[in-house]
Amino acid sequence: MARPLPHVSHRPEGGYGAFAIIIVSALAALAVFIASRLETYERTVREPVSGELQANNFYVLGRWLSESGYPARFSPTWAGLGAVSPQEGGLFLMASLLDWEKDGETLLPWVRAGGSLVISVDSAWYWASESPRIAANLAALEGFLNSLGLLLRLPVPTGVGEIFDDDAETAETAEDEGWVGEDADIEVPEYDWSIGLGLAEEAGPGDLVLRDERGAIRLVRLALGRGRLTVTGSCYFMYNYNLDLGANARLSWELTGASLSPDRPGMLFVRGRRAAGGLFETLRERGNLLPPALSVAALVLIGFWTVIPGFGVRREEEPARRGAISGRFAAEARFLRRYGACGVYLEAYLRELRRRNLARGREIQEVEAALAAGTRISQRKMAGYLKNLMSALERT
């Protein structure tokens, strides 16, 4: 019995290795070409601001604090100290959101226990309203500040820079802090010109009094127990687009992050909220509204066009013109000739002609003679016979 021949491979030795070398060489050449011929560059893409940034003037400051290890939280209303987390050692309050007759005195124990409170006497035009409720709340705020030795001056005309009768030591304290003064090397923060403050007595060693360029007091920070209480007008220096100025950023940080302790690093902002623009503003942030608006308009127009019924005088449809009977018979003859069925119809037409007593013409007799002979009739002759018979029926 013959033994089977062993399988012999015809693949050359090292074939896969050569193929791999070729692929690697091609990829290396492509990489060299890309590195030497193509240029990569950065492109700046402008994106619209978010709705949250538009609705929250302190959004950037909150992000800055949170990314620096001081988590910031925002609330549109004041729900009392019970809403303040034990981890939050800083509190920013817009004065117009509180009932100062009820809530004012409850804040002082929290500050003396180590809290940092910033009171923003916002919107002077709102506080100066003739509403009895607002007037009573403003009087309660002034009484609360007077109990701390602070005098509220509102409004101060813009550009006048009213200087209150404070002692020189207070002004020197502010200049020593580096915030104000004619010889100061830094900018003056964006204060609220409509709100002015005064001191009933000289500032203490731990207090901070800041003035504007004309010397009017715009911000006072008092040391109370282990905490601090700051009073100022609207905090424009904390607003999103004002933090680019160095003086605004330094003062904002001093009143927030720098005043928080490691065991209570959180900051709560209680401030009003502007409308973010709704659905259309959200869509605008995603891109251009023109293409979808045009698409919707076209869709509505097409929809109405399809459902509106026709109106006016109805035009009668022209009846289709019928061809001559001979033409129809010729078409039928061509159909029967194609499928070799003309003989069947010849007998049918002859029977109809006999029934009508019309089988006397020469063409009809020729057809009867051809059928009686029993010989094979060519397709050409059969088509001619059929046409004659159809003509005979047409003449009746």
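Some points to look at:
- In sequence order, calculated HN-Hα J values of region 90-106 (Karplus, 6.51, -1.76, 1.60; Hz; x Gly/Pro): x, 9, 10, 10, 7, 4, 6, 9, 10, 9, 6, 5, 9, 9, x, 5, 6
- Under-5 Å amide H pairs with Leu151, H placed in peptide plane, nonlocal only: Gly198, Leu199, Ala200
- Computed from backbone phi with θ = phi - 60° and the Karplus coefficients 6.51, -1.76 and 1.60, the 3J(HN,Hα) list for region 57-73 is 5, 9, 4, 5, 4, x, 5, 4, 5, 4, 6, 9, x, 10, x, 10, 9 Hz; x is used for glycine and proline.
- Residues whose amide H falls under 5 Å from that of Glu88, counting only those 5 or more places apart or on a different chain, are Gly266, with hydrogens built in the peptide plane.
- List Thr77, Thr106, ordered by accessible area with a 1.4 Å probe, largest first: Thr77, Thr106
- Long-range amide H partners of Leu219 with built H, under 5 Å: Leu210
- For region 99-118 versus region 370-393, the inter-centroid distance based on Cα atoms is 121 Å.
- Table column - 3J(HN,Hα) (Hz), region 213-219, Karplus curve with 6.51, -1.76, 1.60, x for Gly and Pro: 5, 8, x, 6, 6, 10, 8
The values are calculated or read from the model by the stated rules, or taken from the named source; none is laboratory data. Predicted, not measured: the structure shown is a model, and the values here were computed from it. Accessible surface is based on the protein model in full, side chains and every heavy atom, while ligands, DNA and RNA are left aside. Shrake-Rupley method; radii C 1.70, N 1.55, O 1.52, S 1.80 Å.
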